[in-house]
Amino acid sequence: MKIFIIVGMPASGKNLARQYADSKGLPYFATGDLVRREVSRMELEPDAQNMARVSTELRGKDGLGVTRLALSTALEARSPVVFLEGMRSWPEIELIRQKAEAVVVAYLAPREIRLRRILSRGRSDDSPDHFQERDSREIQYGTAAPIALADEYILNTGGIEEARTALEGIVKRWTA
């Protein structure tokens, strides 16, 4: 099994990897989906504050809780190629690499572009007022390390097709 671990700051374009995986019929598991599911199960409003609180709770004391959950689900898929999104620290990457061959793909986009995307996408957990706070929280989780140490990078400042083509090339290189 080859796991492509998708990392990046909020609104950097990670969801394009989900669209790519869906178009190819490849399993895609995101920790954010697990958090949203838990917020719903708890019957909380899916706003930025509740999402942040539940995300922190699910990560647990060692920060690996939600990754263990996502990895377990991915391994059960028994697919030769799987995508995982939402890892925010290097220990999470190491945990995954203990169980499967993994390629870290980092999506990059400047802050101004990411803020414009947040303003336009209209997700309940997006808040332009909390943009800096959310970035800071991501950095506190340790997300800078997986981005800095990624195996591959996609500079997502152009169009969707450009980013998709870049990911397709990466997947082909690592699965050939």
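Some points to look at:
- Every pair of residues 6+ apart whose Cβ atoms lie under 7 Å, when the first sits in segment 75-104 and is among the basic types (Lys, Arg) while the second is in a loop (DSSP other than H, G, I, E, B) and surrounded by 21 or more Cβ atoms within 10 Å (Cβ to Cβ): Arg88/Thr143
- Within segment 1-49, the residues that satisfy the criterion of being more than 12 Å from the chain's Cα centre (by Cα), assigned to a helix (DSSP H, G or I) and surrounded by fewer than 17 Cβ atoms within 10 Å (Cβ to Cβ) are Gln19, Asp22, Ser23, Lys24, Arg37, Ser40, Arg41, Gln49.
- Filter result for Ser72 (in contact with a Ser or Thr (Cβ under 9 Å, 6 or more places away or on another chain), free of Cβ contacts under 8 Å to residues at least 60 places away in the same chain, closer than 18 Å to Ala30 by Cα and among the polar types (S, T, N, Q)): no
- Ile93 being surrounded by 13 or more Cβ atoms within 10 Å (Cβ to Cβ), of a type in the set (Val, Ile, Thr) and more than 21 Å from Leu64 (Cα to Cα): no
- Scanning segment 126-146 for any residue that is without any contact (Cβ under 8 Å) to a residue 12 or more places away in the chain and of a type in the set (A, V, I, L, M) turns up at least one such residue.
- Residues in segment 94-115 that are modelled with pLDDT of 95 or more, touching a helix residue (DSSP H, G or I) at 6+ places or on another chain (Cβ under 8 Å), closer than 18 Å to Pro10 by Cα and of a type outside the set (Phe, Trp, Tyr): Val104, Val105, Ala106, Leu108, Ala109.
- Residue satisfying all of: in segment 11-40; of a type in the set (Val, Ile, Thr) and out of contact with any Gly (no Cβ under 7 Å at 6 or more places or on another chain); farthest from Ala166 (Cα to Cα) among these: Val39
- Enumeration of residues in segment 75-95 that are within 14 Å of the chain's Cα centre (by Cα) and among the small types (Gly, Ala, Ser): Gly86, Ser89
- Tally, over segment 10-47, of residues that are under 21 Å from Gly63 (Cβ atoms), touching a residue at least 60 places away in the same chain (Cβ under 8 Å) and of a type in the set (Lys, Arg): 2
Conditions (1) in contact with a Cys (Cβ under 6 Å, 6 or more places away or on another chain); (2) modelled with pLDDT under 95; (3) surrounded by fewer than 18 Cβ atoms within 10 Å (Cβ to Cβ), marked per residue:
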site: Ser120; (1), (2), (3): no, yes, yes
site: Arg123; (1), (2), (3): no, yes, yes
site: Asp126; (1), (2), (3): no, yes, no
site: Asp129; (1), (2), (3): no, yes, yes
site: Asp135; (1), (2), (3): no, yes, yes
site: Glu152; (1), (2), (3): no, no, yes
site: Ile160; (1), (2), (3): no, yes, yes
site: Leu167; (1), (2), (3): no, no, no
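This table checks each residue for (1) among the basic types (Lys, Arg); (2) within 24 Å of Ile118 (Cβ to Cβ).
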{"position": "Lys24", "(1), (2)": "yes, no"}
{"position": "Asp33", "(1), (2)": "no, yes"}
{"position": "Glu38", "(1), (2)": "no, yes"}
{"position": "Arg41", "(1), (2)": "yes, no"}
{"position": "Ala70", "(1), (2)": "no, yes"}
{"position": "Glu76", "(1), (2)": "no, no"}
{"position": "Glu92", "(1), (2)": "no, yes"}
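The values are calculated or read from the model by the stated rules, or taken from the named source; none is laboratory data. Here the structure is a predicted model, which means the values were calculated and not measured. When we count neighbours, we look across all protein chains shown, and the Cβ atoms used for this are built from the backbone with ideal geometry, even at glycine.
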